[in-house]
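Encoded as structure tokens, the structure appears first; notes follow it.
The values are calculated or read from the model by the stated rules, or taken from the named source; none is laboratory data. Every value quoted in this text rests on a predicted model; they were computed, and no experiment measured them. Counting neighbours? That spans all protein chains shown, and the Cβs are built from the backbone with ideal geometry, glycine included. When the accessible area is computed, the model is the full protein with side chains, heavy atoms only, and any ligands, DNA or RNA have been set aside. Shrake-Rupley method; radii C 1.70, N 1.55, O 1.52, S 1.80 Å.
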Amino acid sequence: MAGLFQPAAGVPGGAAGAFDEVEISILRSLTVQLLELIGPGPGADEAGGEQDPLAALMTDGPTEPPSDPALARLFPDAYGGPGAGRDEKTREAAAEFRRYTENDLRARKREDGLAVVRALDSLAPAGEGGAVLTLAPGQSRQWLGTLNDLRLTIGARLEITDDEDGDEFYALPDGDPRKPMVMAYLWLGALQESLVETLMP
């Protein structure tokens with residue numbers, strides 16, 4: 001089925017999916033936007049190039065959660081989540097944890113997103129059945145991370161707080177400006193689920 005993953009023949013633990021040009025374009029565009037949202041990281045200079053890796057390693061991360069709701073979902077507090085009571089001790093623990101982990105988490109999300117973009121860019125022009133993308137198990141995990149991040153980001157923009165909130169979006173009229181984002185959200189969910197299934201023994 002186009003746009004969904006299946007176990008890859010001849011690649012143990014691998015996944016394969018056929019994507020048409022529109023699907024490739026949508027996935028690539030969303031992933032590039034995600035990379036722009038995540039940002040270049042603390043090791044990048046003003047022009048976006050890489051600085052000294054040792055200097056980047058020694059750079060502390062932020063201590064406050066992001067103000068952007070989408071970034072706050074991608075980089076949540078480790079202690080005292082949304083709606084939970086947050087005393088001073090909990091805030092300090094969350095800030096300290098974020099300081100030492102967020103930069104690494106951002107780097108991993110960037111690496112996963114770049115792997116998705118490179119895989120999409122490597123696809124041959126789609127024929128009648130679409131371009132077939134084959135992923136090794138390690139690549140599948142990178143794709144899962146990025147698909148999850150894309151759904152979290154779109155969910156934040158749509159203000160979906162749990163799975164039940166998404167039910168109302170199935171009935172949106174075609175003229176609703178949220179409809180394209182909703183369709184992308186649902187498709188990414190199906191894509192993610194199909195990829196998870198390929199990793200199951």
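The set of residues in region 143-161 being open to solvent by less than 40 Å² (accessible area, probe 1.4 Å) and either not in a helix (DSSP H, G or I) or not hydroxyl-bearing (Ser, Thr, Tyr) (or both) consists of TRP143, LEU144, GLY145, LEU147, ASP149, LEU150, ILE154, GLY155, ALA156, LEU158, ILE160. Taking first residues from region 143-155 that are over 14 Å from MET181 (Cα atoms) and partners that are open to solvent by 10 Å² or more (accessible area, probe 1.4 Å) and of a type in the set (D, E, K, R), the Cβ contacts under 7 Å between residues at least 6 apart in sequence or on separate chains come to GLY145/LYS109; GLY145/ASP112; THR146/ASP112; ASP149/LYS109.
Per this entry, GLN139 is not counted among residues that are modelled with pLDDT of 90 or more and either open to solvent by less than 50 Å² (accessible area, probe 1.4 Å) or on the phi > 0 side of the Ramachandran plot (or both).
Residue count for region 64-119 satisfying the condition of being modelled with pLDDT of 90 or more, touching a Phe, Trp or Tyr at 6+ places or on another chain (Cβ under 9 Å) and among the acidic types (Asp, Glu): 1. Exactly one condition in (1) outside any helix (DSSP H, G or I); (2) within 19 Å of ALA72 (Cβ to Cβ) is false for ARG98; which is it? Unmet for ARG98, out of (1) outside any helix (DSSP H, G or I); (2) within 19 Å of ALA72 (Cβ to Cβ): (1).
Would you confirm, using the coordinates I've provided, whether ARG118 is in a helix (DSSP H, G or I), open to solvent by 60 Å² or more (accessible area, probe 1.4 Å) and in contact with a Gly (Cβ under 7 Å, 6 or more places away or on another chain)? No.
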